[in-house]
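Visitor: Can you keep this structure in mind? I'll have questions shortly.
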Amino acid sequence: MGPSCCGGDGEVGTKRAKLSSDASAGAGSEDHLSALHDDILVLILRHLGTLAAARTSVLSRRWRGVWALLPELHFVFSSDPNQIGPAIQAHEAAIRCLFVGTRDAGPESVAAWLPIAARRLYGSLFFQNLKREGSAQEGDDEEGPGQRGAFELPCLERATNVSLHLGFLGLAVPPAGVFARLTELCLDRVRLYGPGDLGDAVSWPRCPCLQKLTVRDARGLDNLAIHSDSLRQVELTDLQGLRQLNIVAPALEELKVTHCFFSNRSQPVASITAPQLATLAWMDPYDPSSVHLGEMKRLRLLRPFFFIVYGPDSFPYNQSCLSLLRRFKVIECLTLALAYLWDIDDYHYMMEDMTMLPDITILQLNVLANGHAFGASAFHVLRMCSSIEKLMLSFVPPAEVQAQTTCPLGCICGEHQNWETEHLLLNRLKEVKVTRMRGSEHEVTFVKQLFNWATSLEKMRVVFDESVTESVAKELSQVLQSFARPEIRMEIRTYMEDMLKKMMCVPED
């Protein structure tokens, strides 16, 4: 794994010489496997689990220390966690990658092996603690970290990548020490508490090389202040209880803040200083009087909170979306989500509140229709950004399997259908990509209208939803092809075909 492992080369060379000497002592045997070069034996052992590889030491003197040359250690979920510490202790070479998987481990179990690993690790650490069925639930916020206990994160001085998925174990951040080589840190499902402060630990000078920070499903983090000259990506998701966020990062290029302020009834407070920021996803309440974004002259992609099409008067989250949209005059790419609740009969049509959009070139429009007629709301958006050159339309599937596929008879979503006869000219639109299409009447009607509006359209790609059968996909393909003009290049894929192309890294035209 690159230069991070170079520190162990001298140790490995010394051990190889010793192992070769042991091999010559038993040269009279017919054990051809043991006669192989150390490098070959290490390659063989890498296909075993680490504990199984360690057990080969009992085969003969020749095998006694071969497993200790392994550059990567993997302790899978079936391993006895009590064996992890002794196995790492017995391993003498530099560890380039350490993976530990446990089930419902307690903090004392982690504390038994993690400090040992910290002294041997020269690369990546991946730790995943899965919750057993019937154990404490992940959303059990009444149980604080002090009640369950916690382990302290040692200063991983030579680690380059640390990813901890803790199943809501308590984690104590060290109050001092330097993570000198750490470039990526991911904390997932974690309960944080003192004496250390997470913001201080990931800031300069304690984390001088950190480029990517991800914190998801965190508890116990009410104030996060980060000052870093190296950070380029920050993703914060579901930080329950967060009250204040402060980021000063001159090199930051991508910031995603999602569902971090929802649990607080108080006004969100944030200050972001990131003059190089290119991507901003702020999926949270936004009030310009308390959330200060600073100068972002290089911003090219914006994603605000979703917009509820039918809702109560003065819906606060819609106002957050609109306030953020007004904050920027020109954006190259805008990601906008329109959401329909299942039961909308007692709500008002909210699209008239959206009176302007930034000047954009690319629109990513995500529609969660829940079976409702969505054409009017999507038309409203397109009418305000008629100079776009590329449209990516995604039909978001309902979160619940049993969600409605068609709205009830007489639903108010049918009251705004004059959009089909209104004039709209998208004469700069060259490319359209439609994803997760299931073939409902509303979807087909809207896609047909796109062909009429986009007079200069050159290419359309359609990817069907995974629920679409092969026979339905064939029928839909014929319908869509009938809408296209001869000069339009059509590309239609099933969900599986699209996934295979992505897995094979086939570049898009």
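No lab work stands behind these numbers, since they all come straight from the coordinates. Since this is a predicted model, take the numbers as computed values, not measurements. Please note: Cβ atoms are built from the backbone with ideal geometry, for glycine as well, and neighbour counts cover all protein chains shown.
Visitor: Place a label point 7 angstrom from the Cα of Leu425 along the Cα-to-Cβ direction, then list the residues of region 462-503 whose backbone nitrogen is under 11 Å away.
Guide: none
Visitor: Output the Kirkwood hydrodynamic radius of region 248-320, Cα pairs only, in Å rounded to one decimal.
Guide: 13.2 Å
Visitor: Lysines near Lys502 by alpha-carbon distance under 16 Å, same-chain residues fewer than 8 away left out - which ones?
Guide: Lys433
Visitor: Please report Ser482, Ser377 as a ranked list, fewest other C-beta atoms within 10 angstrom at the top and most at the bottom.
Guide: In order of increasing Cβ crowding within 10 Å: Ser482, Ser377.
Visitor: Here's another thing I want to ask about it. Neighbouring Cβ atoms within 10 Å as the yardstick, rank Tyr340, Tyr317 fewest first. Don't skip to the end; give the middle numbers.
Guide: Details: Tyr340 24, Tyr317 19.
In order of increasing Cβ crowding within 10 Å: Tyr317, Tyr340.
Visitor: Sort all Cα-Cα distances of region 308-403 into consecutive 10 angstrom bins from zero, then give the percent of pairs in each bin up to the one containing the longest distance.
Guide: Bins of 10 Å from zero give 15, 48, 31, 6, 0 percent of pairs.
Visitor: Would you mind computing, in nm to one decimal, how far apart the modelled labels at Phe483 and Thr214 are, each placed 7 Å from Cα along Cα→Cβ?
Guide: With each label point 7 Å from Cα toward Cβ, the separation is 3.5 nm.
Visitor: For Arg119, project a label point 7 Å along Cα to C-beta. Then give me every residue of region 74-113 with its amide nitrogen under 16 Å of that point.
Guide: 84-95, 111-113
Visitor: Any idea what the alpha-carbon Rg over 2.2 N^0.38 Å comes to for region 302-509?
Guide: For region 302-509, the normalised Cα radius of gyration comes out at 1.01.
Visitor: While we're here: Over what distance in Å are the Cα centres of region 207-250 and region 363-380 separated?
Guide: Cα centroid to Cα centroid, the span is 33 Å.
Visitor: Just need the relative contact order of region 302-509 here, percent rounded to a whole number, with Cα pairs under 8 Å and 6+ apart. Can you show the working numbers first?
Guide: Numbers: 350 pairs, mean separation 31.7, N = 208.
Result for region 302-509 is 15 percent.
Visitor: Once R0 is set to 51 Å, what does the formula 1/(1 + (r/R0)^6) return for the Cβ-Cβ distance between Lys459 and Glu72, expressed as a FRET efficiency to the nearest 0.05?
Guide: Here the calculated transfer efficiency is 0.70.
Visitor: Hey, what's the Kirkwood Rh for region 209-332 if you take every pair of different alpha carbons, in angstrom?
Guide: Values: mean 1/r = 0.0678 Å⁻¹.
After inverting the pairwise mean of 1/r, the radius is 14.7 Å.
Visitor: For region 447-509, report the % of Cα-Cα distances exceeding 16 Å.
Guide: Here the tail beyond 16 Å accounts for 49 percent of pairs.
Visitor: So, R0 is 22 Å and r is the distance between the beta-carbons of Asp353 and Lys502; what FRET efficiency does that work out to, to 0.05?
Guide: E(calc), rounded to 0.05, equals 0.05.
Visitor: Could you calculate the contour length gain from Ala111 to Trp342, that is, 0.36 nm times the residue separation minus the distance between their Cα atoms, to one decimal place in nm? Walk me through the intermediate numbers first.
Guide: Details: separation 231, 0.36 × 231 = 83.16 nm, distance 4.74 nm.
So the chain would gain 78.4 nm between Ala111 and Trp342.
Visitor: Among Phe77, Phe127, Phe483, which comes first, then next, by fewest other beta-carbon atoms within 10 Å?
Guide: Least to most surrounded, the residues fall as Phe77, Phe483, Phe127.
Visitor: If I model region 232-288 as equal point scatterers sitting on the Cα atoms and use the Debye formula, what is log10 I(q)/I(0) at q = 0.13, 0.27 Å⁻¹?
Guide: -0.30, -1.16
Visitor: Net charge around Gly311, counting only other residues with Cβ within less than 11 Å of its Cβ (Lys, Arg = +1; Asp, Glu = -1)? Please report the intermediate quantities before stating the final value.
Guide: Values: positive: none; negative: Asp313, Asp346, Asp353.
The answer is -3.
Visitor: Continuing with the same structure: Put a dot 7 Å past each Cα toward the Cβ at Tyr193 and Asn82; how far apart are the dots in nm?
Guide: Simple spin-label model gives 2.7 nm for this pair.
Visitor: Stretch Glu253-Ser271 to full length: gain in nm at 0.36 nm per residue minus the Cα-Cα span?
Guide: Details: separation 18, 0.36 × 18 = 6.48 nm, distance 1.59 nm.
Fully extending the segment from Glu253 to Ser271 adds 4.9 nm.
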